[in-house]
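Please treat every number below as a calculation from the coordinates, not as lab data. From a predicted model like this one, the values you see are computed outputs, not experimental measurements. For neighbour counting, all protein chains shown are included, and Cβ atoms are generated from backbone atoms with ideal geometry for every residue, glycine included.
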Amino acid sequence: MSFFSKILDKLGIHKKEVSGSASGGVAGTSQPAAAAPPKPVAAAPAPAKPMAAPAKPAAAPAAPVVTAPAPVAAAPKPTPVSEVDVVKHLEQLAATKKGLNWKVSIVDLLKLLEIDSSFEARKELAVELGCPPELMGDSAKMNVWLHKEVLKQIAQNGGNIPKELLD
């Protein structure tokens, strides 16, 4: 599980899937992939008879029997991602843990979600989210970028982040 996936899980957001899972499921659903339709089966030709006196004309060979493929169930329609009230959830958590300002601090946001907020953990998250290398050497700049990027990614995954926090 990626570091950012832990954040989404703590917020009750399930990350959008781009491709099918390793178990062969249909992307974005928990439904198994539909089985491939069976291939048509032709009847085996009749065994050849030994040549006897040509008393009767030979009958035309029977046409092979082809079975129709079994109907395949239609894939379920994807359900739209519902927006998770992240602000309400974080405000409720902040009410129980005084002094944490998740709106401006990535450290406070991670602490509020009870996720490792150490420099090493934040650096791992920054690398995962594609932080520019020139910001990685300055922890303050990295933290500012990381906070904005995490909020942006939460919004892209169905969280209701206010626009003023995304600017």
With the charge dipole of the stretch 85-162 built from beta-carbon charges (+1 for Lys and Arg, -1 for Asp and Glu) about the Cα centre, the Cα from Leu125, Val107, Thr96 projecting farthest to the positive end belongs to Thr96
Counting only residues 5 or more apart in sequence or on a different chain, those whose built amide H sits under 5 Å from that of Val84 are Gly159, Asn160
Largest-first semi-axes in Å of the equivalent ellipsoid built from the Cα gyration tensor of the stretch 85-162 are 22, 15, 10
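Quick one: putting +1 on the C-beta of Lys and Arg, -1 on the C-beta of Asp and Glu, what dipole do you get for the stretch 85-162 around its Cα centre, in Debye to the nearest 20?
On the way: 10 positive and 11 negative charges, 61 e Å.
Dipole magnitude for the stretch 85-162 comes out near 300 debye.
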